[in-house]
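S.K.: Could you have a look at this structure, given as structure tokens, before my questions?
A short reminder: the numbers here are calculations on the coordinates, not readings from a lab. Quick caveat: nothing in here was measured; it's all calculated off a predicted structure. Here the Cβ is made from the backbone with ideal geometry for all residues, glycine too, and neighbour counts use every protein chain on show.
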Amino acid sequence: MHCYVNGGKATEMSFENFECCMKKLIPMFERLGEKIGFTLDNEIYNHQDAEKVLGFVEKNCAQNYYHHGSTTGIAILNHPKREEILQILKRNHWMDVSFAIHGGTETHNKIVHNNEGMSSIMEASKLFKENGFEVWISLMISKEMVEDLSLLADILDKIPYSHLLPVIPDYYPTNRLMKYQEIRCTVEEYASVMEFLKGYEVDTKSIQEAVVEYNEEYVFQSLMNNQEAMVEQIKKQLYENETAFFHVDQKLDSYVGNTGSALKCCGNLRECSSEELLDWILSAEDNYYETASIHYGDIIDAVRDGKIRCSKENYVYPSLISAVIAMVQNYRIDEA
């Protein structure tokens, strides 16, 4: 619910197609070095051949693999090759694993639509910690979590972890994140969150900055007071990532844009040449924040034209861009 990647249920990519995909990409890794990387998406442990997939990466292209470690814990607990997977991860020092928690057990299970959601995190975090992994707990801040802080404290007393990471979910105009707005926290609701986090000696600098500078009312007033300076700041943040996302589907069709947010189809990896693939990659523009429904030009034009709206709740976002995108969407909804 909190994720900007607008994914969902899908069929599994065959191991044959995975191999074909990677064999086409490996020459790109050799040509572009550290400028290009890949991830195996969420959630690799769901794949019936996860150990074969990771084993292939280990032998052929580990230097370009970005291992985010994000998981619900459910798939690794149930995988028949669990021990083989853990050994591959350890051999390659892919030792970070992260779990998202949304509140107390009842709240968490409701949000993740799984009655075993919290118990799976408990069990999986123990499994990973016993195997020497760095276990990160991402606390997804929401109205629901604010109401559950005492229950959350009990959970954190029981669950083995290495680090706590408080997270303000990003915003993109996807169905999932538009739905998340119902439980996004307002400025006022962060007081109790900050007090709670102090008890765990968590670095809250980025959260404090967001509460002050990335709430809708502050951003709106800043735009009204000094529009051109804010426009330049927005443009800088939009383009500073210098990152282009691609994703490849189960049939090896390749798209510019992140998973679930295809901007355009380039072609099929099985059918393309190495030179065509290289051209796709080198010609792509930064699309870090772009989705099928909002583009960089849309954001800048809307800000210049004053086509932004604050919500009644004065929500808090993790960045200026996230806040602006939400306020552009507010305007669009009002106009519709």
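S.K.: In terms of Cα to Cα distance under 13 Å, which aspartates and glutamates are near enough to K23, apart from those fewer than 8 places away along the same chain?
M.R.: Answer for K23, where 13 Å is the Cα cut-off: E271, listed by chain and number.
S.K.: Between D157 and E271, what FRET efficiency follows from the Cβ-Cβ distance if R0 is 56 Å, with the result rounded to 0.05?
M.R.: Result of the calculation: an efficiency of 0.55.
S.K.: Just name one of N42, T105, L86: the one whose Cα is farthest towards the positive end of the charge dipole of the chain (beta-carbon charges, Lys/Arg +1, Asp/Glu -1).
M.R.: Comparing the listed Cα positions along the dipole, L86 ranks first.
S.K.: What nm value, rounded to one decimal, do you get for the distance between K90 and E106 when each label is placed 7 Å out toward the C-beta?
M.R.: Here the modelled spin labels are 4.0 nm apart.
S.K.: How big is the charge dipole of the chain about its Cα centre, in debye rounded to the nearest 20, if each Lys and Arg gets +1 on its Cβ and each Asp and Glu gets -1 on its Cβ? Don't skip to the end; give the middle numbers.
M.R.: Working: 31 positive and 53 negative charges, 103 e Å.
In debye, rounded to 20, the chain gives about 500.
S.K.: Check which residues have an amide H placed less than 5 Å from C185's amide H, if you skip close sequence neighbours.
M.R.: Placed amide hydrogens put K143, V316 under 5 Å from C185.
S.K.: To the nearest 20 debye, what is the magnitude of the charge dipole of the stretch 77-129 about its Cα centre, counting +1 on the Cβ of each Lys and Arg and -1 on the Cβ of each Asp and Glu?
M.R.: Dipole of the stretch 77-129, to the nearest 20 debye: 180 debye.
S.K.: When you have a sec, figure out the Kirkwood radius of the stretch 73-146 from all distinct Cα pair distances and drop it here in Å to one decimal?
M.R.: 13.1
S.K.: How big is D, in µm² s⁻¹, for the stretch 76-195 by Stokes-Einstein at 37 °C and 0.692 mPa s if Rh is the Kirkwood radius over C-alpha pairs?
M.R.: Stokes-Einstein gives a translational diffusion coefficient of 211 µm²/s.
S.K.: Moving to a separate point now. Report, as a whole number in µm² per second, the diffusion coefficient that Stokes-Einstein gives for the chain at 25 °C and 0.890 mPa s using the Kirkwood radius over alpha carbon pairs.
M.R.: Translational D for this selection: 113 µm²/s.
S.K.: Ranked from highest to lowest mean number of other Cβ atoms within 10 Å per residue, what is the order of the peptides 198-211, 134-147?
M.R.: Most protected by this proxy first, the peptides run 134-147, 198-211.
S.K.: Now for a separate question. So how far, in whole Å, is the C-alpha centre of the stretch 276-319 from the one of the stretch 64-89?
M.R.: Spelled out, the Cα-based centre of one part sits 33 Å from the other.
S.K.: Calculate one ³J(HN,Hα) per residue across the stretch 254-266 by plugging θ = phi - 60° into the Karplus curve 6.51 cos²θ - 1.76 cosθ + 1.60, and present them in order as whole Hz with x for glycine and proline.
M.R.: Calculated HN-Hα couplings, in order: 10, 10, 7, x, 6, 4, x, 9, 5, 9, 6, 8, 7 Hz.
S.K.: Sticking with this one: Based on the alpha-carbon gyration tensor of the stretch 1-121 and its eigenvalue square roots a ≥ b ≥ c, which shape applies: rounded if a/c is under 1.5, prolate if not and a/b is larger than b/c, or oblate?
M.R.: Here the stretch 1-121 falls in the prolate category.
S.K.: Could I ask something else about it? Just grab the label-to-label distance for Y66 and E195, each label 7 Å out from Cα along the Cβ direction, in nm (one decimal).
M.R.: Here the modelled spin labels are 3.8 nm apart.
S.K.: Rounded to two decimal places and with Rh computed the Kirkwood way over Cα pairs, what is Rg over Rh for the stretch 26-89?
M.R.: Here Rg/Rh amounts to 1.00.
S.K.: Next question. Amide H of S70: which non-local residues (sequence gap of 5 or more, or other chain) have their own amide H closer than 5 Å, using H built in the peptide plane?
M.R.: S98
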